[in-house]
Amino acid sequence: MAPIQSSSCLSRKCWIDAEQTYLSQIGLNKMHTAKTAQIRTASTGMIGRARPEIVQMKGYSSARSLAGDEAGLVYLDANECAYEPFVGARNLARYSAQQPTELQRAFCDWLDVSSRNLTITRGADEAIDCLIRGFCEPGADNIVICPPTFAMYAQSAMLQSVEVRHAPLTADFGLDPTAIAMAMDEATKLVFVCSPNNPTGNVMNAGAIANLCVACDGRALVVVDETYIEYAGEGGEAGSLIPALEQFANLVILRTLSKSHAAAGIRCGCAVAAADITGVMQKVLAPYPVPQPVMSAALTILETGNQQRLAAKRAEVIVRRDDVITALGEIEGIIRVWPSDANFVLVEALDAAALCQRAREGGVVLRNQSHQHGVGEAVRISIGSAEEMARLLAALRGETIASAEQNRQHEIVRKTSETAISVAVNLDRAGPISIDTGIGFYDHMLDQIAKHAGFALTLECEGDLEIDPHHSIEDCAIALGQAIRGALGDKRGIGRYGFCLPMDEALVTVALDLSGRFHLDFKADFPQPMVGDLPCDMVGHVFRSLAENMQANLHIAVTGENCHHMVEACFKGFGRALRQAIRQDGSEMPSTKGTL
Ligand SMILES: *Cc1c(COP(=O)(O)O)cnc(C)c1O
């Protein structure tokens, strides 16, 4: 193994200085340092295994790579237009750097690595491609994969005329060091290990990967694809092998925002490796792989608050996954469900195609994996939302459920500088209901609406509660109103009108008409300023926002003595009125005008 310089004798300042010197030697002028991990992997010896013509070539010098992407300079070096095209995103007129500084910093903070060890790519897929193109001579070299595994390793190799050799996993889907050793020869440049593995879902033993790194030292890179690592083990990321980069010069780790950070659509991931490997990858990488909108989305995703939110979401997925594993175990035609460290599960079926077909008839699409080596009749199932999993299970149990197209559902995603909200309603399902606005009492009230109106509601809001609950309360009502309005569609067959409800001493009258026209009449004299953490003067606002965005005519009058009763009666009464109004019975248009 190539000796790795120890940094323990250096103070942090000395270390950073040494890094800067090294970077200027290799022609990179900026660096973001890791918070704790100090990956000193300047020279690995592995560079000798890269394609010599790539090592020798200079690499394309874009205007941006020569001048950097510093703010405040006048850039007349890339024939860009100095005006914005106005499509609603920022900085579209300019090329972005190959590795935009701001995004590097965010990735470095996220993964606790230095920018010299990082290559940001269009998803992990592109990192795979860059490694193959940078290291494997077409027609001469080969890679080793461990099937059953992710298909893109072989795809990318074949596109490059690089031979793909197989070292199958063992019967319990572990690495087989003997098979890998047998598959390798002088021309093997890369060994791909997927952990957690797609499609089997299991994490590979870290000791086995370490042994593999030692066995491949000086010969081949060991590429560990950690696309799903955040779902593995207690608290997720504990299992990442990024810290092992200090130890193994030939280790490369792939990470991505696609599966763990709910961002498959932006195409953003990375490889983490020794700096000279990073250098090779960036020579074969396109000059501008990170479009501006991708960069701004990725920066938002990687903000601390959002990371925490996503971590909480992943924890929910893990709980749901484990429930789904139990439930799937009882489905007819499923022989077994493999344990999973990822956000999907692999099931062995009597007949994989028939299982997929059964799900498809209920409107759910699964992935048949029977073509994969060693899995038999197997189907891979992603862990979706609670509602989606309920739908899948119902379909697999053969329960008749309305098809997705027949359901009146609608989703709204709304983001302003004050709040970020996502709402999904399904008027034809009584649940699940999941509400998180950050305002406990308001959650309770919105729950009343959904429960009493009898529809499924998922509502989540990240708002500026540190300022005031006002924005969150109002914006949630707006978004919910829009979602209900959207789900109602052309309103054919609905009850349209809706109610009157007592709650102890409180009495509320709610009259509702989903007329397409907005009017609110709200009569309430609340005896206290707050109920729980909900300001009472917001209650009228909420109904205004709801009515306005649902385009409804809404009259609410409430009397009583206890503020909690009065407020809750309003929400319950509204829910009940809504239940009558949204109920569908036939397809007649409930208006003599023929439209609503
Ligand atoms: C989905 C997947 C990828 C692709 O990730 P992107 O970042 O979206 O390109 C890579 N590796 C594995 C194992 C995957 O399942």
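Where does each of Asp125, Asp436 land when they are ordered by accessible area, with a 1.4 Å probe and the largest first?
Asp436, Asp125
Amide H neighbours of Ile494 under 5 Å, at least 5 residues apart or on other chains, H built in the peptide plane: list them.
Asp585
So for the stretch 57-210, what percent of the C-alpha to C-alpha distances run longer than 20 Å?
Result for the distance tail: 64 percent.
Compute the projected area of the convex hull of the Cα atoms of the stretch 307-397, averaged over all viewing directions, and report it in nm² to one decimal place.
Mean projected area of the Cα convex hull: 5.8 nm².
For the stretch 409-582, what is the charge dipole size about the Cα centre, in debye to the nearest 20, if Lys and Arg each add +1 at the Cβ and Asp and Glu each add -1 at the Cβ?
1060 debye
Expressed as a fraction of 2.2 N^0.38 Å, the rule-of-thumb size for a compact globular protein of N residues, what is the C-alpha radius of gyration of the stretch 195-316?
1.13
Suppose we take every Cα in the stretch 495-596 and form the convex hull; what volume per residue is that in Å³? Could the numbers behind the result be given before it?
Details: hull volume 9.0 nm³, N = 102.
That works out to 88 Å³ per residue.
Arranged from highest to lowest average of other beta-carbon atoms within 10 Å per residue, in what order do the peptides 585-591, 226-232 appear?
Result, highest mean Cβ count within 10 Å first: 226-232, 585-591.
Among Val87, Val203, what's the order by accessible area (1.4 angstrom probe), most exposed first? Walk me through the numbers on the way to the answer.
On the way: Val87 105, Val203 60 Å².
From most exposed to least exposed: Val87, Val203.
With charges only on Cβ, +1 for K and R and -1 for D and E, what is the dipole size of the chain about its Cα centre, in debye, rounded to 20? List each step's numbers first, then the result.
Values: 51 positive and 70 negative charges, 232 e Å.
Here the size comes out at about 1120 debye.
Please quote Rg/Rh for the stretch 409-582 to two decimal places, taking the Kirkwood radius as Rh and restricting both calculations to Cα atoms. Please list the in-between numbers first.
Working: Rg = 14.7 Å, Rh = 15.7 Å.
Result for the stretch 409-582 is an Rg/Rh of 0.94.
Taking the Cα centre of the stretch 307-397 as origin, work out the dipole magnitude from +1 charges on Lys and Arg Cβ and -1 charges on Asp and Glu Cβ, in debye rounded to 20.
It comes to approximately 340 debye.
Share of Cα-Cα pairs in the chain beyond 35 Å, in percent?
Above the 35 Å cut-off, the chain has 51 percent of its Cα pairs.
Which one of Trp338, Ile318, Gln308 is farthest out on the positive end of the charge dipole of the stretch 290-342, using unit charges on Cβ (Lys, Arg +1; Asp, Glu -1) and the Cα centre as origin?
After comparing all options, I get Gln308.
When the helix-only estimate is applied to the chain (DSSP H runs of n ≥ 4, each -39,500 (n - 2.57), divided by the residue count), what is the mean residue ellipticity at 222 nm, nearest 500 deg cm²/dmol?
-11000 deg cm²/dmol
What are the equivalent ellipsoid semi-axes of the stretch 116-185, built from the alpha-carbon gyration tensor (square roots of five times its eigenvalues), in whole angstrom, biggest first? Working shown, then result.
Working: eigenvalues 97, 48, 25 Å².
With the √(5λ) rule applied to the stretch 116-185, the semi-axes are 22, 15, 11 Å.
Where the centre of each part is set by its Cα atoms, how far does the stretch 569-584 sit from the stretch 360-424, in angstrom?
28 Å
By how many nm would the segment from Leu92 to Asp323 grow when fully extended, if each residue of separation counts as 0.36 nm and the alpha-carbon distance is taken off?
78.7 nm
Each residue of the stretch 180-192 in turn: what ³J(HN,Hα) in whole Hz from Karplus with 6.51, -1.76, 1.60 and θ = phi - 60°, glycine and Pro shown as x?
After applying 6.51 cos²θ - 1.76 cosθ + 1.60, I find 5, 4, 5, 6, 7, 8, 4, 8, 7, 10, 9, 10, 9 Hz.
Once the Cα atoms of the stretch 57-98 are picked out, what are the Rg and Dmax in Å?
Cα-based Rg and Dmax for the stretch 57-98 come out at 11.7, 39 Å.
Starting at the first residue of the stretch 295-312, write each ³J(HN,Hα) from the Karplus equation 6.51 cos²θ - 1.76 cosθ + 1.60 with θ = phi - 60°, in whole Hz, x for Gly and Pro.
Whole-Hz 3J(HN,Hα) from phi for the stretch 295-312: 4, 5, 5, 5, 4, 5, 4, 8, 4, 3, x, 5, 4, 5, 4, 5, 5, 5.
Kirkwood-based Rg over Rh for the stretch 375-479 (C-alpha set), two decimals? Before the final figure, lay out the partial values.
Numbers: Rg = 16.5 Å, Rh = 15.3 Å.
So for the stretch 375-479, dividing Rg by the Kirkwood Rh gives 1.08.
Within the chain, what percent of beta bridges assigned by DSSP are antiparallel, to the nearest 5?
If I count the DSSP bridges inside the chain, around 65 percent turn out antiparallel.
What's the Kirkwood radius of the stretch 132-253 in Å, using all Cα pairs?
14.4 Å
Quick one: Cα centre-to-centre distance for the stretch 56-121 and the stretch 122-169, in angstrom?
The stretch 56-121 and the stretch 122-169 have Cα centres spaced 28 Å from each other.
The values are calculated or read from the model by the stated rules, or taken from the named source; none is laboratory data. Note that the structure is a prediction, hence the values are computed from the model and not measured. Glycine gets a Cβ as well: all are built from the backbone with ideal geometry, and neighbour counts include every protein chain shown. When the accessible area is computed, the model is the full protein with side chains, heavy atoms only, and any ligands, DNA or RNA have been set aside. Shrake-Rupley method; radii C 1.70, N 1.55, O 1.52, S 1.80 Å.
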